[in-house]
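First the structure, in the form of structure tokens, and then the observations on it.
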Amino acid sequence: HLWQAGNLRQVHRLVERNCRLGLLIMLCSAALGVTAGKSLFNLWLGKGNFVGHSVLALFFIYETLEAHSYILSTSSRATNDEAFGISSVLAGVLKLALAAIFVRRFGLIGIALGTMLALLLTNHWYMVYRGLNRLQLPLRAYANGVAIPCIGWSMAALGVAWLTSSALAGAPDAVKLFGTAASIGIVFTLALVLLVLSPHERQRVRGKFAQLGARFMPS
């Protein structure tokens, strides 16, 4: 509706908001996986089944890029721009071919590496390039308004997660996992308030917390 009305300013606001949210979710999840992934696998599948930090890192890289490109391509398709069929088919074929080649040489990590390279060569750049051009959103403005702030907050989340997991190194896996997740959750919440919520939404959130405080604080 915004596109048909020619309201590019609101189109850009909505797309940037969605991309910030998607990137923050994926990057903060990656921070948890990289720092406390072994504890997660120990609790989930039992000890001795951890796939390794290198496989997890590759997985989170291409899944983050996948989420990013999907948000932009979905926004572009909402303007009746169906231009991603060929690149998606090529990505699938290339992923199977590279995985078959790399798995023989590198094992499990070869599958993750083949998937990442296949998507980097197809959807992950083309969907972003085509989507930004279709939506008339300049790359520099997008980088300054979305990519750089999200990367900055993800670095903060990674730093806090590393400090927390190091402090809980000798603790049980459940304590380490949930403690690290809680520390990342604090950073994610701050980023959500500052990067995703509008001023009006922030005001509403503050009002809700003020109401809760008034309800539970003694008069």
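Positive-end ranking of 117, 87, 71 along the dipole of the stretch 68-139, with charges on Cβ about the Cα centre, is headed by 117. Ordered from largest to smallest accessible area (heavy atoms of protein chains, 1.4 Å probe), the residues 142, 126 come out as 126, 142. Extension gain, residue 143 to residue 57: 0.36 nm times the residue separation minus the Cα-Cα distance gives 28.7 nm. Projecting the Cα atoms of 19, 205, 178 onto the charge dipole of the chain, computed from C-beta unit charges around the Cα centre, puts 205 farthest toward the positive end. Largest to smallest in accessible area, the residues 173, 81 fall in the order 173, 81 (1.4 Å probe, all protein chains included). Relative to the current alpha-carbon distance between residue 80 and residue 189, full extension at 0.36 nm per residue lengthens the span by 35.8 nm.
If R0 equals 41 Å, the separation of the Cβ atoms of residue 202 and residue 93 corresponds to a calculated FRET efficiency of about 0.35. In the full protein context, the chain carries 59 Å² of accessible surface per residue, based on a 1.4 Å probe and ignoring ligands, DNA and RNA.
What a 1.4 Å probe finds exposed on the chain is 67% carbon and sulfur by accessible area, rounded to a whole percent. Local charge for residue 110 was computed over the other residues whose Cβ lies under 15 Å away, with Lys and Arg +1 and Asp and Glu -1, and equals +3. Each part gets one Cα centre, and for the stretch 1-54 versus the stretch 61-77 those centres are 11 Å apart.
Which one, (1) 0.97; (2) 1.05; (3) 1.20, gives Cα Rg over 2.2 N^0.38 Å as derived from the coordinates shown? Calculated Cα Rg over 2.2 N^0.38 Å: the matching label is (3). Full extension of the chain between residue 17 and residue 155 yields a length gain of 47.7 nm, computed as 0.36 nm times the residue separation minus the alpha carbon distance. Short-range pairs are left out: with C-alpha atoms under 8 Å and at least six residues apart, the relative contact order of the stretch 1-118 is 24 percent. Once you keep just the Cα pairs under 8 angstrom separated by 6 or more residues, what percentage relative contact order results for the chain? Result for the chain is 28 percent. Taken along the Cα-to-beta-carbon direction at a fixed 7 Å, the label points for residue 169 and residue 100 span 4.5 nm.
The values are calculated or read from the model by the stated rules, or taken from the named source; none is laboratory data. What you are looking at is a predicted structure, and each value in this text was computed from that prediction instead of being measured. A quick note on method: Cβ atoms are made from the backbone with ideal geometry, for glycine too, and the neighbour counts reach across all protein chains shown. Calculation scope for accessible area: heavy atoms of the full protein, side chains included, ligands and nucleic acids excluded. Shrake-Rupley method; radii C 1.70, N 1.55, O 1.52, S 1.80 Å.
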